[in-house]
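The values are calculated or read from the model by the stated rules, or taken from the named source; none is laboratory data. In this text the structure is predicted, and so the values were computed from the model without any measurement. Note: ideal-geometry Cβ built from the backbone for every residue, glycine included; neighbour counts use all protein chains shown. All accessible areas refer to the heavy atoms of the entire protein, side chains included, with ligands and DNA or RNA removed. Shrake-Rupley method; radii C 1.70, N 1.55, O 1.52, S 1.80 Å.
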Amino acid sequence: REATAGTASQGQPLAHEVFDKYGIKPTYVVDYPVAATVLSVAVLRRLADDGRCDIGTHLHPWVTPPHEETVNHVNSYPGNLPPALERRKLEVMTETIEKNFGRRPVMYKAGRYGVGPATAGLLEELGYEIDLSIVPHTDCGEDGGPDFRGFPAAPYWFGRNGRLLEIPLSRGYAGLVAAFGPRLWDILDSPLGRKLHLAGFAARLRLLERITLTPEGVDHDAHRRLLHSQIAQGQRIFSLTYHSSSLGVANTPYVRTEAQRHSFLRTMDQFFDMFVGDMGGVFATPLNLKAQFA
């Protein structure tokens, strides 16, 4: 709970050198330390006020008041909290963002992707329109989190009235047997499979690999393989994500040196260039997508 410096956003303008090149308007989902820290608010609000980004909510329970729960792995997923506490924390986040950024957030990504049985109802009650929390083909159950296996990889409507839009994180399968990925991955990623390093063997043989659309530990060639595979399987909406802390040196395992930060930004640049030039892609914000789908 003491990890509240909120300084990671200072590197964000570096990414805008890439985003502006392609006319991309990113969405930044911010947690409580970022939303409540003067320095980080100044950086992101300036971008938002200039129309260069949208701001959403990212609920990390352990640093968000009220501090009533025990800090542990299970409680780090907000959807595991008692619904009344999850609501109060979400209310604090919503009100803090509205106060400090001058706009009420309508997009939500649960910290650690930790949605729970009460989350959808709470989002509806507080006026949210879009959720970004689902990670397809992923089971977080070993750590106490949700199991997203079987969830759609494409956007879909949900909620009591079907008015909330889910835009899942882009994670999917590539390789010669990618079409059978959901069934085979459970074998490769089982305790025995991990002990035998089956996923690594399958990836090196280009039989099957699970790839996330992120510059964090994933290179351009893997992004290319993922897009070709997913487009062949009918996927048309893609979401590139990363943690803002990766734009600082030595904050995450992905960027330990200035050279690695340059490579990190270049990987995004390469992806955007491929997405537009090779794939004929069009950039859109979550709010753009919701308007189009509606």
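For volume of the Cα convex hull per residue in Å³, the choices are [x] 138; [y] 129; [z] 190; which was calculated from the structure?
[x]
Run the dipole for the stretch 26-164 about the Cα centre, Lys and Arg Cβ at +1, Asp and Glu Cβ at -1, nothing else charged, and hand back the magnitude in debye, nearest 20. Mind showing how you got there, number by number?
Working: 14 positive and 18 negative charges, 73 e Å.
Result for the stretch 26-164 is approximately 360 debye, rounded to the nearest 20.
Just how much of Arg256 is accessible, in Å², when a 1.4 Å probe is used and the result is rounded to the nearest 10?
So the heavy atoms of Arg256 present about 130 Å² to solvent.
Hey, got the dipole for the stretch 86-132? About the Cα centre, +1 on K and R Cβ, -1 on D and E Cβ, debye to the nearest 20? Walk me through the intermediate numbers first.
Numbers: 8 positive and 8 negative charges, 47 e Å.
Once rounded to the nearest 20, the dipole reads 220 debye.
Modelling each spin label as a point 7 Å along the Cα-to-Cβ direction, I'd like the Gln10/Asp147 distance in nm, to one decimal.
4.4
Compare Lys21, Lys195 by solvent-accessible area with a 1.4 Å probe and give them largest first, with all protein chains kept in place. Intermediate values should be presented prior to the final figure.
Details: Lys21 130, Lys195 160 Å².
Descending accessible area places them as Lys195, Lys21.
Calculate, for Val38 and Arg163, the FRET efficiency according to 1/(1 + (r/R0)^6) with r their C-beta to C-beta distance and R0 35 Å; round to the nearest 0.05.
On the way: r = 35 Å, r/R0 = 1.00.
Efficiency, rounded to the nearest 0.05: 0.50.
Using r as the Cβ-Cβ distance of Phe293 and Arg104, and R0 as 22 Å, what FRET efficiency do you calculate, to the nearest 0.05? Spell out each step's value before the answer.
Values: r = 21 Å, r/R0 = 0.97.
Calculated value: 0.55.
Fully extended, how many nm does the chain gain between Ala154 and Thr70 (0.36 nm per residue separation, minus their Cα-Cα distance)? If you can, show how the numbers build up before the last one.
Values: separation 84, 0.36 × 84 = 30.24 nm, distance 3.51 nm.
26.7 nm is the gain from fully extending Ala154 to Thr70.
Please compute the length gained on full extension between Ala284 and Phe201, using 0.36 nm multiplied by the number of residues separating them and subtracting their Cα-Cα distance. Numbers along the way, then the final one.
Working: separation 83, 0.36 × 83 = 29.88 nm, distance 3.62 nm.
Using 0.36 nm per residue and subtracting the Cα-Cα distance, I get 26.3 nm.
Given a cut-off of 22 Å, name the pairs among Lys109/Lys290; Lys89/Lys109; Lys109/Lys195; Lys25/Lys290 whose C-alpha atoms lie farther apart than that in the structure shown.
Working: Lys109/Lys290 16 Å; Lys89/Lys109 14 Å; Lys109/Lys195 32 Å; Lys25/Lys290 15 Å.
With Cα atoms farther than 22 Å apart: Lys109/Lys195.
Between Asp20 and Arg236, what is the FRET efficiency for a Förster distance of 25 Å, r being their Cβ-Cβ separation, to the nearest 0.05?
On the way: r = 25 Å, r/R0 = 1.00.
For Asp20 and Arg236, the calculated efficiency is 0.50.
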